[in-house]
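Student: The structure's right below; bear with me while I get my questions together.
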Amino acid sequence: MTAPAKSAEPSTVPAAPAPTVTAIELRLAFGNGGSLDPEDIRLLETIRRVRSILGASRALGTSYRKCWLMVDALNHTFETAVVDTFPGRRGGGAALTVFGERLIALYRSLERQARKSGAGTLAELTAALDPDFEPRASGAGSADPTAEPPRSRSQRT
């Protein structure tokens, strides 16, 4: 008796779905028009580590101009500076102020509180997620390519 021939094609066993992870990301919008979000906190933590806005921009893969504008916006949002800069080609750099360190701590505290108090609600929302959902680019049109394009408001029907 001969052994059955092996198939050249790999078996197609469906992969188990990846576990769904839902996270809370805080974006604070202040009454004076300023804001604080995860990107700001990442920048501040990177400045703390590398002691330079330019170094932080390189580490984050963000333009120096954007990082500088973010620091400037944070420094103007609060009465007390968040980042001190020390201009100069040699010996220049940046450092978080005492308030900058406190700002990170307060933000992280809010994150912990939101995760703790929202855990039950977040679990319920996560359980209700559609496992077949595939995100599209922001502003993407309908999934149906034959769908009629949206009409402008000036067109009459």
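The values are calculated or read from the model by the stated rules, or taken from the named source; none is laboratory data. Computed from a predicted structure; not experimentally measured. When we count neighbours, we look across all protein chains shown, and the Cβ atoms used for this are built from the backbone with ideal geometry, even at glycine.
Student: I'd like to check something: does the range 76-85 contain any residue that is part of a helix (DSSP H, G or I), over 18 Å from the mean Cα position of the chain (by Cα) and small (G, A, S)? Lay out the reasoning, then the answer.
Tutor: Just the residues of the range 76-85 that are part of a helix (DSSP H, G or I), to begin with: 76-77.
Right, trim to over 18 Å from the mean Cα position of the chain (by Cα) and you get 76-77.
Add one more test, that the residue is small (G, A, S), and what stays is none.
Looking for residues that are part of a helix (DSSP H, G or I), over 18 Å from the mean Cα position of the chain (by Cα) and small (G, A, S), one finds none in the range 76-85, hence no.
Student: Restricting attention to the range 72-119, and to residues there that are modelled with pLDDT under 95 and of a type in the set (S, T, Y), which single residue is surrounded by the most Cβ atoms within 10 Å (Cβ to Cβ)?
Tutor: T85
Student: Also: Tally time: how many residues in the range 54-88 are in contact with a Gly (Cβ under 6 Å, 6 or more places away or on another chain) and small (G, A, S)?
Tutor: Residues flagged as in contact with a Gly (Cβ under 6 Å, 6 or more places away or on another chain) and small (G, A, S) within the range 54-88 amount to 0.
Student: What about L103, is it over 23 Å from E39 (Cα atoms) and in a helix (DSSP H, G or I)? Lay out the reasoning, then the answer.
Tutor: On the way: over 23 Å from E39 (Cα atoms): no; in a helix (DSSP H, G or I): yes.
No: the conditions fail for L103.
Student: Please verify whether K66 is over 17 Å from T46 (Cβ atoms) and either β-branched (V, I, T) or at pLDDT 85 or above (or both), treating the condition exactly as stated. Lay out the reasoning, then the answer.
Tutor: Details: over 17 Å from T46 (Cβ atoms): no; either β-branched (V, I, T) or at pLDDT 85 or above (or both): yes.
For K66, the condition - over 17 Å from T46 (Cβ atoms) and either β-branched (V, I, T) or at pLDDT 85 or above (or both) - is not met.
Student: If you take the residues in the range 120-141 that are touching a residue at least 60 places away in the same chain (Cβ under 8 Å) and not hydroxyl-bearing (S, T, Y), which one is surrounded by the most Cβ atoms within 10 Å (Cβ to Cβ)?
Tutor: Filtering the range 120-141 down to residues touching a residue at least 60 places away in the same chain (Cβ under 8 Å) leaves 122, 125-126, 129, 131.
Keeping just the survivors that are not hydroxyl-bearing (S, T, Y) gives 122, 125, 129, 131.
On the way: L122: 15, L125: 11, L129: 10, P131: 7.
Among residues in the range 120-141 that are touching a residue at least 60 places away in the same chain (Cβ under 8 Å) and not hydroxyl-bearing (S, T, Y), the one surrounded by the most Cβ atoms within 10 Å (Cβ to Cβ) is L122.
Student: May I ask you to list the residues in the range 1-59 that are at pLDDT below 80 and under 20 Å from the mean Cα position of the chain (by Cα)? Step through it out loud before you land on a result.
Tutor: Taking the range 1-59 as the starting set, the residues that turn out to be at pLDDT below 80 are 1-21.
If the condition is that a residue be at pLDDT below 80 and under 20 Å from the mean Cα position of the chain (by Cα), then P19, T20, V21 are the ones that fit.
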